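Every number here is computed from the coordinates shown, using simple stated rules; none is lab data. All figures in this text were calculated on a predicted structure; none of them were measured in a lab. Don't worry about glycine lacking a Cβ; one is built from the backbone with ideal geometry, like all the others, and counts go over all protein chains shown.
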Amino acid sequence: MLDVSVRIGVAAGRIAGFKRLLRDDTSMRRKANNMGSGINSNTPKGMNMSLAEMSRKPGGLVMGWCSSGSALLGEAMAAAGFAALTVDLQHGVQDFADALRVLQAVDGRGVPAMCRVPWNEPGIVMKALDAGFEGVICPMINDRADAQRLASFCHYPPHGRRSFGPHRAKIAFGGDYVEKAWERMVILPMVETEEGLQNVDEILSTPGISGVYVGPNDLALALGHPALATPCEPVQQAIMHILARTRSAGKICGIACSSAQMVADMLRAGFHIATLQNDLQLFLYGMNQQLAEVKERRLAEG
């Protein structure tokens, strides 16, 4: 009888101990989620105005474009005063590890960053957002079905089917990242084909899509025209049509620009985001300008 009582007591003690372990484990998980998921409301990103909010400000914003994979150039662009930056994984000469280093350097300046993903595929879209990019630009979105797929990759249920794992995003944005992701993310399909141009209204009306981003060069080629620094008249008309439809839908419209003049013109026309070339182009422009000045001075000196 005593042996049975002892066994019951031991079992009860083990159960009680197991319950304490469960409580402790749950408590530790909660603390880890709150403490390790970021600097909470005191993170630079958590405190700053979101890119979605910034893009709605009167006058629009000038975005930089990082193609080189250089974290130093990305940091320099952020310090130079670009309102936001995009890291290019489609045509940029960088891999994902490079892109992450650029993002971390830009984060240090408190400048929001997007990622242009190489294609409309779930793995890379989710990976970019998990890394802490504030949104994605996705090439070659041609219709509502394409836009729906993109939106589903970007948003958590019930709005989409994004898989859970925002480990660095929580470090960057804080522990409430998941709750605020729906309203904070900027998701921009690229309209750069004849089909996309024809279907711009249905792309814009897709839930979870923030607006569109115009790729003038691919759009020009798709419409049978050369890709020029200054788009020809038919391409200009197509661009203005996309802008008008986007603003009518109350959404964000961005565009890639080949010059400072084009940036000024597009912002004046009503674009919310205008991108000024990329880091490599700007670097080459600066070098060429300085070398030309050196040659000119040497010639002048005889």
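Some notes on this structure:
- Of all the listed residues (VAL186, VAL117), the sole one being of a type in the set (A, V, I, L, M), crowded, with 19+ Cβ neighbours inside 10 Å and touching a residue at least 40 places away in the same chain (Cβ under 8 Å) is VAL186.
- Filter result for ASN278 (closer than 22 Å to SER67 by Cα, surrounded by fewer than 16 Cβ atoms within 10 Å (Cβ to Cβ) and of a type in the set (S, T, N, Q)): no
- Looking at ALA227, ALA222, ALA244, just one residue is under 26 Å from ARG149 (Cα atoms), among the hydrophobic types (A, V, I, L, M, F, W, C), touching a helix residue (DSSP H, G or I) at 6+ places or on another chain (Cβ under 6 Å) and surrounded by fewer than 23 Cβ atoms within 10 Å (Cβ to Cβ), and that residue is ALA222.
- The numbered conditions (1) under 26 Å from VAL62 (Cα atoms); (2) touching a residue at least 12 places away in the same chain (Cβ under 8 Å) are all true for PRO166 except (1).
- Scanning the stretch 157-185 for residues that are more than 25 Å from VAL111 (Cβ to Cβ) and either of a type in the set (Phe, Trp, Tyr) or assigned to a helix (DSSP H, G or I) (or both) returns a single hit, PHE164.
- Residue list for the stretch 244-270, filter: within 20 Å of the chain's Cα centre (by Cα) and under 21 Å from LEU221 (Cβ atoms): CYS253, GLY254, ILE255, ALA256, CYS257
- Here GLN148 clears all of (1) in a loop (DSSP other than H, G, I, E, B); (2) farther than 20 Å from SER50 by Cα; (3) touching a residue at least 40 places away in the same chain (Cβ under 8 Å) except the condition numbered (1).
- Count of residues meeting criterion [within 14 Å of the chain's Cα centre (by Cα) and among the basic types (Lys, Arg)] in the stretch 136-167: 0
- Subset of the stretch 65-95 that is acidic (Asp, Glu) and closer than 20 Å to LEU129 by Cβ - its residue that is surrounded by the most Cβ atoms within 10 Å (Cβ to Cβ): ASP88
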